[in-house]
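Trainee: The structure under discussion is supplied below as structure tokens; questions concerning it will follow.
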Amino acid sequence: MSTTEKLLVKCDNTILADEIVSLLNEQGIASRLHDEQQDQVTGAYGAFTGIAVYVYDKNFDKAKAIITPVMESRKAILPLCPKCGSEDTQPLVRPKHTTTYNVVIILLLFIPGLYMGWGKDFGLISPIGNITAIALVVAAFIMMIALRHHNDNYKCNQCGKRFNHYDTK
């Protein structure tokens, strides 16, 4: 009989951890919580700390099958804020013309590249052309920075952090 424990899952918050423990208890599976966020040694549990749920080795596969639907449904709902951990997040409306902005950025980088690469061959190099090429590259980088901010698809109502749903871990 195996009495060693195995990490089942790390939860971002106590609500999810308690929900998982309750589901496991209903199925007669013993579990143990370990709140790594309260540990005094920073980084002792890796880059992602949380509330760890442990089960016995013999119950691991059954427990994993029980919590899989819960974890998948959690991914479909609003994510937690990566900065403060709040569940009070809201989806943001993405700009309608994101693809158009990306094409413009590519052109702003591509055209100066052509100018610098082939301009001498065609006799197009001039001081004004050089300044224009540099201005186009700078404009492309400014647009990339601005567009990165607009690609965030969630906002935390507690701390104001804007983030992408897939950047939360």
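Trainee: Restrict the check to segment 140-149 and report whether at least one residue is open to solvent by 80 Å² or more (accessible area, probe 1.4 Å), within 28 Å of the chain's Cα centre (by Cα), small (Gly, Ala, Ser) and on the phi < 0 side of the Ramachandran plot.
Mentor: For segment 140-149, residues open to solvent by 80 Å² or more (accessible area, probe 1.4 Å), within 28 Å of the chain's Cα centre (by Cα), small (Gly, Ala, Ser) and on the phi < 0 side of the Ramachandran plot: absent.
Trainee: Looking at segment 42-70, which of its residues are aliphatic (A, V, I, L, M), out of contact with any Ser or Thr (no Cβ under 8 Å at 6 or more places or on another chain), modelled with pLDDT of 60 or more and under 20 Å from THR14 (Cβ atoms)?
Mentor: Hits for segment 42-70 are ALA52, ILE66, ILE67, VAL70.
Trainee: Going through segment 6-33 one residue at a time, which ones are of a type outside the set (Lys, Arg) and crowded, with 16+ Cβ neighbours inside 10 Å?
Mentor: Answer for segment 6-33, where residues must be of a type outside the set (Lys, Arg) and crowded, with 16+ Cβ neighbours inside 10 Å: LEU8, VAL9, CYS11, ASP12, LEU16, ALA17, ILE20, VAL21, LEU23, LEU24, ILE29, SER31.
Trainee: In addition: Taking THR132 and the conditions (1) touching a Pro at 6+ places or on another chain (Cβ under 9 Å); (2) open to solvent by 100 Å² or more (accessible area, probe 1.4 Å), which numbered condition does it fall short on, given that it satisfies the others?
Mentor: (2)
Trainee: Could you please let me know if LYS96 is surrounded by fewer than 15 Cβ atoms within 10 Å (Cβ to Cβ) and either touching a helix residue (DSSP H, G or I) at 6+ places or on another chain (Cβ under 9 Å) or modelled with pLDDT under 85 (or both)?
Mentor: Yes; evaluated as a whole, the condition is true for this residue.
The values are calculated or read from the model by the stated rules, or taken from the named source; none is laboratory data. What you are looking at is a predicted structure, and each value in this text was computed from that prediction instead of being measured. Neighbour counts are summed over all protein chains in view; Cβ atoms, including those assigned to glycine, are modelled from backbone coordinates with ideal geometry. Surface areas here come from the heavy atoms of the whole protein model, side chains and all, with no ligands, DNA or RNA. Shrake-Rupley method; radii C 1.70, N 1.55, O 1.52, S 1.80 Å.
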